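Please treat every number below as a calculation from the coordinates, not as lab data. Here the structure is a predicted model, which means the values were calculated and not measured. Note that we place each Cβ from the backbone using ideal geometry, even for glycine, and neighbour counts take in every protein chain shown.
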Amino acid sequence: MTLDTDFVRSQFPAFSVPELCGQAFFENAGGSYTCGAVIDRLTRFYTTRKVQPYAPYAASRLAGEEMDDAHARLAAILGVERDELSFGPSTTQNVYVLAQAFAEMMTPGEAIVVTNQDHEANSGPWRRLAARGIEIREWQIDPETGHLEPADLEELLDDSVRLVCFPHCSNVVGEINPVTEITALAHAAGAFTCVDGVSYAPHGLPDVGGLGPDIYLFSAYKTYGPHQGLMVIRHALGSLLPNQGHPFNGDALYKRFTPAGPDHAQIAACAGMADYVDALYAHHIGAEAEPAEKARAVHDLMRAHEISLLAPVLDAVSTRTSVRLIGPAEAEIRAPTVALALERPGAAVAADLAAHGVMAGGGDFYAGRPLEAMGVSPEKGVLRLSFTHYTTAAEIDQLLAALDAVL
Ligand SMILES: Cc1ncc(COP(=O)(O)O)c(C=O)c1O
């Protein structure tokens, strides 16, 4: 079974607006197009339900029901319990709040492991805790390949480590890290894990329950949804960490680490992400199934399509002498987020690509640490070509022709 990209693209209004016609979108890691189901729900909420939810009048009751629907359906897709899923303003802010909670729970001298592969969001807030007496240990990537080696983590683990933070895949290296294996190492040493899934989730919503981390974060605006940060915190850890919300909200796990007032409309609209999974499943497979099963099948369809398109891109760029491909050249082990270090600054090449109808980005993408570790100046930055399952073979051809013209 292969992904029907005509059907997929019919689910995204962006593909039928004249302004974007002929423009091949290769900056999806910065933020994806939004699926129609999300846009429809957001519009409906703002037009007919924009009242304080959970009051007894009809508009309010419906508003609350829609928020609950999003919560329950996405938790089921992710393979976790409903209250283990929280909605916050962004992943960066969610990590920041978590770091405050860990700082309150930990005692000086205890340690947190961070990587130099992460986006700053899952790195800086933890590193700042050094000023509060927490020891920060850095799990370092291979400076040539960007690979994060689990055996190197073992060297850093001992009784004082309470938390290991790492990305499911980095937004510049692209290699998919073995979350379950790393979590098992951390757990064996008595530490929790916090996984930044922002660069992975757009390529198929993961079975977080099955993968096993204690915390898993991703951003809905990069996953066909609205501007929300989704965060899974498993019960065992969530009840141990001190509440960061209002004291009277402390009994609800999904409120403990999102102190800001919830964005009602955007949470409700997140149910559109579940609608989209359902629509893909119904179109390609059809029979009824549990949400997690549907999500798994949709994930595999997306990944297979992406891998088939990624292979020729990796082949084309890795054979050019003027190009340094960041991360592995094998499509199966990475996300289609392809950073290239070039002679010219990444942003300048991205500007040239725009003239060929290719929307791409250049810069450091807040991933200065991995770039520096690999000897790439963050100021000069990389060209990043990132796509998802809605990208077509014709767009890949357009990209490769444009690269031929500008490199
Ligand atoms: C890998 C990764 N982690 C975290 C973030 C931060 O997400 P947010 O914008 O929701 O704070 C980004 C954003 O680009 C990212 O690419």
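A few points about this structure:
- Cα shape, segment 1-156, gyration tensor, a/c 1.5 rule: oblate
- Normalised size of segment 136-249, defined as Cα radius of gyration per 2.2 N^0.38 Å with N residues, equals 1.12.
- Pairwise FRET efficiency - S10 versus H187, Cβ, R0 = 41 Å, nearest 0.05: 0.40
- Overall, the chain carries a charge dipole of about 1160 debye about its Cα centre when +1 sits on the Cβ of Lys and Arg and -1 on the Cβ of Asp and Glu, all other atoms neutral.
- As an equivalent ellipsoid, segment 87-159 spans semi-axes of 22, 17, 9 angstrom, where each value is the square root of five times an eigenvalue of the C-alpha gyration tensor, largest first.
- The aspartates and glutamates whose alpha-carbon is closer than 18 Å to the alpha-carbon of K255, local same-chain residues fewer than 8 away aside, are E65, E66, D68, D69, E81, D83, E84, E104, D214, D263.
- With the convex hull of its Cα atoms as the shape, the chain has an orientation-averaged projected area of 19.8 nm².
- Rounded, prolate or oblate (a/c below 1.5 giving rounded, otherwise prolate when a/b exceeds b/c) for segment 306-390 by Cα gyration tensor: oblate
- Exposed GluC sites (Glu not before Pro) absent: longest stretch of the chain, with sites in DSSP loops and at most 16 other Cβ within 10 Å deemed exposed: 145-287
- Each Lys or Arg adds one and each Asp or Glu takes one away; over the other residues whose Cβ falls under 10 Å from the Cβ of P345, this sums to 0.
- Here K294 is the anchor, and the lysines within straight C-alpha reach of less than 21 Å, apart from those fewer than 8 places off in the same chain, are K222.
- Segment 1-72: chymotrypsin sites (Phe, Trp or Tyr not before Pro) in DSSP coil with no more than 11 other Cβ atoms inside 10 Å: Y57
- Ordering A14, I141, S60 by Cα displacement along the dipole of segment 1-149 toward the positive end leaves S60 in first place; charges were set at the Cβ atoms of Lys, Arg (+1) and Asp, Glu (-1).
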